[in-house]
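Before any comments, here is the structure.
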Amino acid sequence: MVRKVLLSIFFLFSACVLYAQAVRVARIIMPVSDLEGSLSFFEKAFDAKKVQVFESYDSRNDSLEGTFNSYYRSAVVRIGKDRVELREYISLEGRSYPLDFTSSDRRFQHLAIVVSDMEKAYSRLKKMGVKQVSNQPQTIPYSNPVAGGVKALYFKDPDRHILELIFYPLDKRKDKWKSQKSLFLGIDHTAIVVSSTRVSKIFYEKLLGFKVKGESFNYGKEQEHLNGVKDSKVRITGLGTDEQSVGVEFLEYVSPVQMEISRQPKPRTYDIWALQTVIEVESLDALYKSMHYQYVPVVSKGIIQYGQEKKLLVKDPDGHFILLKEK
C-alpha cells in the first residue's frame, strides 16, 4: 500500500510542472523532555547562544499540528548563524526513541554541526560524558571523490537525539565558514533517512524548489563505524537552496534492508523523535494548492494565520515533518 502511494506521488509529480517555492531552511524544531537541561547541553557542548525563550498555548497550534490542548515552552539557540528551536511540550507527553533505534531507522533525522577542529570538539564531548554512536571520529577515505577527507562523529544528546559533528577540509569548506575562528561554525544540514532517493528528490526539488548540491555512495568500515550500523551501504544526496542556508541530506540505506514505514508508529509533533524542518517559502497559498493536487499528507487544518505570518505543517514521502511558513 505504501509503495503504491509513493509511486502515485512519483508519477503525479513527474507529470506536472510545479512551482519552485523554497527560500531557505529557517531552523529545525527539536522536541525535548527537559527544556532547561537541553538548553544547558547545547550551550556547553556547542557554545550555542540563547536567542529567545517563549511559551505558547495558542489554540491555533492545535489546528497547525493536529493536536489538542497543546502547551509548550521553547528556547531558540544559535550555532554560528544557524538556529535550532528546543521545544518542551508541557501538556502533551510524547514518545521517546525506542531502545532499538538506529541510524538507519526511517524515523531518523539529525543535525550536522560543522567544527573547525574535530579533535578539540570531540575532546569536549568526551569530557561531558556524551554517549557516542561512532566509536571515534571517522575520516572518509579519499577514494570517495565527493567526501574524501571529511571527518565525522555521531553521538547522542540527553534525549537520545542523534547529532553529528562534521569537519570539512579547507578545499571542501563553504566560503561562509573559511573566515570564522570559532570552534563550532554552524549547521551544515539536517539529514533524513529516506526509502527512495528518486521519490524524495521529486518532492523536495519539484515541489519545494531545492537543488541537488552533491551525491555520493558511502560504504566500508568507516561508514559502519560512523553510524554504528553493520554492513551499511548508504546513498547520500545533499540538497539546498543557496550556499548560506542549512541543507537537507537524504540517507537511503541500500543495506541493511529497512523496515516498511507502515510498520512503524505514526509520528506526532510532540514525540521526542519527531523533528520539524522549518522552510520559508515565497507563496504558501500557491504551494498549498499544488500539494492538494499532488495528495501530499497535510497535518494542519489548512493554512494557519499568525498575524502577518502563514504556516502549514505537512509530511514528506517518508513521514518527516515539514513546517512551511510565509512571512
- Note on the structure: Inside region 245-258, the number of residues satisfying the requirement of being buried (at least 16 other Cβ atoms within 10 Å of the Cβ), more than 30 Å from Lys289 (Cβ to Cβ) and of a type in the set (A, V, I, L, M, F, W, C) is 1
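Yes/no per residue for (1) within 30 Å of Val298 (Cα to Cα); (2) out of contact with any Pro (no Cβ under 8 Å at 6 or more places or on another chain); (3) part of a helix (DSSP H, G or I):
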site	(1), (2), (3)
Asp171	no, yes, yes
Gln180	no, yes, no
Ile187	yes, yes, no
Ser200	yes, no, yes
Tyr204	yes, yes, yes
Val212	yes, yes, no
Glu215	yes, yes, no
Glu243	yes, yes, no
Leu251	yes, yes, no
- Of all the residues that make up region 207-244, how many are over 25 Å from Thr102 (Cα atoms), surrounded by fewer than 20 Cβ atoms within 10 Å (Cβ to Cβ) and not hydrophobic (A, V, I, L, M, F, W, C)? 6
- Message: Quick check on region 51-82: of everything there that is basic (Lys, Arg) and within 20 Å of the chain's Cα centre (by Cα), which residue is surrounded by the most Cβ atoms within 10 Å (Cβ to Cβ)?
- Response: Arg78
- Message: Please determine whether any residue of region 17-24 is assigned to a strand (DSSP E or B), out of contact with any Leu (no Cβ under 6 Å at 6 or more places or on another chain), at pLDDT below 95 and among the aliphatic types (A, V, I, L, M).
- Response: yes
- Task: Give region 265-285 a look and list any residue that's loosely packed, with under 14 Cβ neighbours inside 10 Å and outside any loop (DSSP other than H, G, I, E, B), or say none.
- Result: Asp285
- Query: Pairs, please: C-beta under 6 Å, at least 6 apart or cross-chain, first residue farther than 17 Å from Gly94 by Cα and in region 27-49, second among the basic types (Lys, Arg)?
  - Reply: Arg27/Arg83; Lys49/Arg78
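Mind listing whichever residues of region 284-308 are of a type in the set (S, T, N, Q) and within 24 Å of Ser59 (Cα to Cα)?
Ser300, Gln305, Gln308 - these are the residues of region 284-308 that are of a type in the set (S, T, N, Q) and within 24 Å of Ser59 (Cα to Cα).
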- Task: Tell me which residues, restricted to region 121-138, are surrounded by 15 or more Cβ atoms within 10 Å (Cβ to Cβ), closer than 18 Å to His110 by Cβ and not small (Gly, Ala, Ser).
- Result: Tyr122, Leu125, Val130, Gln132, Val133, Pro137, Gln138
- Note on the structure: From the option list Val257, Val194, single residue qualifying as among the β-branched types (Val, Ile, Thr) and modelled with pLDDT of 95 or more is Val194
- Item | Filter result (part of a loop (DSSP other than H, G, I, E, B) and at negative phi) within region 45-89 | Ala48, Tyr57, Asp58, Ser59, Thr67, Phe68, Ser70, Tyr71, Lys81
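The values are calculated or read from the model by the stated rules, or taken from the named source; none is laboratory data. As the structure is a prediction and not an experimental result, all values here were calculated from the model. When we count neighbours, we look across all protein chains shown, and the Cβ atoms used for this are built from the backbone with ideal geometry, even at glycine.
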